[in-house]
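The values are calculated or read from the model by the stated rules, or taken from the named source; none is laboratory data. This structure is a prediction, so every number in the text was calculated from the model and none was measured. Neighbour counts run over all protein chains shown; Cβ positions are idealised from the backbone, glycine included. Accessible surface is based on the protein model in full, side chains and every heavy atom, while ligands, DNA and RNA are left aside. Shrake-Rupley method; radii C 1.70, N 1.55, O 1.52, S 1.80 Å.
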Amino acid sequence: DTILNPGDEMIERIETGIAPSSAPINDAVRAGKHLWLVAIAEDPVTGEIVEGSIEAQARRCIENLLIALNAAGGTLANLLMVQIFLVDSADAPGMNTVYREFFTQQPFPVRATVVVKELLAKGLKIEITATAVLD
């Protein structure tokens with residue numbers, strides 16, 4: 001689905017089926033070379049929030065982010081900024097362990113990690129937003 005914004009730049013919605021169907025959101029939106037993404041720990045097959053540890057949820061989030069990146073023609077190397085929202089600061093070490101599994105080579109994207117009171121989906125411990133530049 002593509003529309004024109006006021007500056008005549010094409011805005012394309014990237015659909016992969018991983019965005020929660022319960023909310024009016026897209027997996028990713030591309031405008032020119034820029035891509036904005038969001039990922040939660042929702043299983044793309046069942047539509048259910050991944051239960052268990054922060055490691056399991058972080059892994060699913062990053063895998064969902066990668067699905068959307070790939071659908072837009074990118075990889076993790078295209079990411080400029082990653083923003084991670086955690087419900088519990090005690091989950092930061094586990095999240096970092098999983099993050100290091102995916103981000104293994106420089107240059108790493110800029111990253112901010114924020115602790116929030118809660119996320120909208122029940123049982124959700126983590127949400128990730130990201131910005132990428134594609135070729």
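Amide H contacts under 5 Å for ALA72: none, restricted to partners 5 or more places along the chain or on a different chain, H placed in the peptide plane at 1.01 Å from N.
Packing here is the average count of other Cβ atoms within 10 Å per residue, and on that basis the peptides 113-119, 38-44, highest first, run 38-44, 113-119.
Quick one: which of 74-80, 64-70, 122-128, 105-111 comes out on top by average Cβ neighbours within 10 Å, and what's the full order, highest first?
Details: 74-80: 16.9, 64-70: 21.0, 122-128: 19.1, 105-111: 11.0.
In decreasing order of mean packing, 74-80, 64-70, 122-128, 105-111 become 64-70, 122-128, 74-80, 105-111.
Within a straight-line Cα-Cα reach of under 15 Å, LYS125 can be paired with the following aspartates and glutamates, leaving aside sequence neighbours fewer than 8 residues apart in one chain: GLU42, ASP43, GLU48, GLU51, GLU55, ASP88, ASP91.
Pairwise Cα distances in the chain exceed 17 Å for 58 percent of all pairs.
When the solvent-accessible area of the chain is split by element, carbon and sulfur atoms take up 54 percent of it, the probe being 1.4 Å. Helix 92-102 against the longest principal axis of the chain: what's the angle in degrees, Cα atoms only, rounded to the nearest 10? The angle comes out at about 50 degrees. Using the rule -39500 (n - 2.57) for each DSSP H run of four or more residues, divided by the residues of the chain, the 222 nm mean residue ellipticity is -7000 deg cm²/dmol. Compute the acute angle (0 to 90°) between the alpha-carbon long axis of helix 54-71 and the principal axis of greatest extent of the alpha-carbon atoms of the chain; round to the nearest 10°. With both axes taken from Cα atoms, the answer is about 10 degrees.
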